[in-house]
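Structure first, commentary second.
All of the numbers you see were taken from the coordinates with simple rules; none came from a lab. Computed from a predicted structure; not experimentally measured. Neighbour counts are summed over all protein chains in view; Cβ atoms, including those assigned to glycine, are modelled from backbone coordinates with ideal geometry.
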Amino acid sequence: MSLDIILSQIFNGLSLSSILLMIGMGLSITFGIMGVINFAHGEFLMIGAYTVFIVQVIFAKLLGQAFPGISFLIALPLSFFVAAGIGWLLEKVLIRFLYGKPYETLLATWGVSLILQQAARNIFGANNVDVASPKWFEHGIQITQGLQLPYNRLFIIGLSSLCLTGMFIYLYRTVKGRKIRAVMQNRRMSACLGIPTPKIDAFTFAMGSGVAGVAGCAVSLLGSIGPSLGQNYIIDAFMVVILGGIGGLAGTIAGALVIGISSSIFEFISTTSMGKVIVFTLVIIFLQWKPQGLFSLKTRALD
């Protein structure tokens, strides 16, 4: 195996890690605050991807051309708000009534994921649809004769870094971010201090859903999209959260890098299915040694 091939797989793993990081950020914080195992989180990725498709269809009908560059720039922030709005609505009508009920939450969110997938099939059809990629992403940076870094994957890595920076600033440099971290560390004490925990729950769930929608917008650059798009990433995203440690950005970053790069390398060496088996096995072995993950969240709660 040549050095160019190894570097190419590492780069592909970094782009996969970037997608998993965007999905895992919302999943980790949501679980850390509300204890909700959200199996419908992958469907917000699908919602973000279909947002790009819908914007391009609207452009094509109104102007006679999809204008993929302009439509993508419009769809990028729109995917966040659409997914966040649906996430906020889901928290209000269902999730908030299931706090402290992990089994009911797991089954309910799994049912929601099936409903959202079927709704996508009814609206867009069962077959995958193609999203036109902006012309800026058609080529890449030629490093060597056998190594090229595609612009679309570089953009995904940059977008993930931007989302991570924004999340870090929000959580650690703003008043509402401090309230989110306070609820994450000790919900009862936060409520006693006057922090409106129901509002924090709804806002955090919406924010995590919105970031997943942005990840879906990025995924649309890599190929066709379909109703089961979220299912292709949700298991890996859960592995990122569990491996990294629930509730912290550092653990999510580390987990995303480990899962993304190792998956890319093992799937290239063997097959896609066998690569996932190897990664699952290694994660299970690691968690037997350190069940709290790479980074555990320190709380002020008295157990």
So what's the gap between the Cα centers of segment 81-114 and segment 10-39, to the nearest angstrom?
17 Å
Nonlocal amide H pairs with GLY140, under 5 Å, H built at 1.01 Å
TYR151
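Return LYS276, LYS290 ranked ascending by Cβ neighbour count within 10 Å, so the fewest neighbours appear first. It would help to have the intermediate numbers written out before the result.
Values: LYS276 17, LYS290 11.
Least to most surrounded, the residues fall as LYS290, LYS276.
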Per-residue HN-Hα couplings for segment 185-198 [Karplus 6.51, -1.76, 1.60; θ = phi - 60°; Hz; x = Gly/Pro]
7, 7, 5, 5, 5, 4, 5, 5, 7, x, 6, x, 4, x
Any of LYS101/LYS179; LYS92/LYS176; LYS199/LYS290; LYS61/LYS135 with alpha carbons more than 27 Å apart? Name them for me.
LYS199/LYS290
Placing +1 on the Cβ of each Lys and Arg and -1 on the Cβ of each Asp and Glu in the chain, which of LEU221, VAL277, LEU98 has its Cα farthest towards the positive end of the resulting dipole?
LEU98
When a footprinting reagent is the concern and you count Cβ atoms within 10 Å, what order do TRP289, TRP88 take, fewest first?
TRP289, TRP88
Computed FRET efficiency, Cβ-Cβ of ARG121 and ILE141, R0 45 Å: what is it to the nearest 0.05?
0.70
May I ask you to evaluate 6.51 cos²θ - 1.76 cosθ + 1.60, the Karplus curve with θ = phi - 60°, for each residue of segment 165-170 and list the ³J(HN,Hα) values in order in whole Hz, giving x for glycine and proline?
5, x, 5, 5, 4, 5
For ILE58, ILE123, ILE278, order by how many other beta-carbon atoms lie within 10 Å, fewest first
ILE123, ILE58, ILE278
What are the ³J(HN,Hα) values, in whole Hz, obtained from phi via the Karplus relation 6.51 cos²θ - 1.76 cosθ + 1.60 with θ = phi - 60°, for each residue of segment 47-63 in sequence order, with x given for Gly and Pro?
4, x, 5, 5, 4, 4, 4, 5, 4, 5, 5, 5, 4, 5, 6, 7, 10
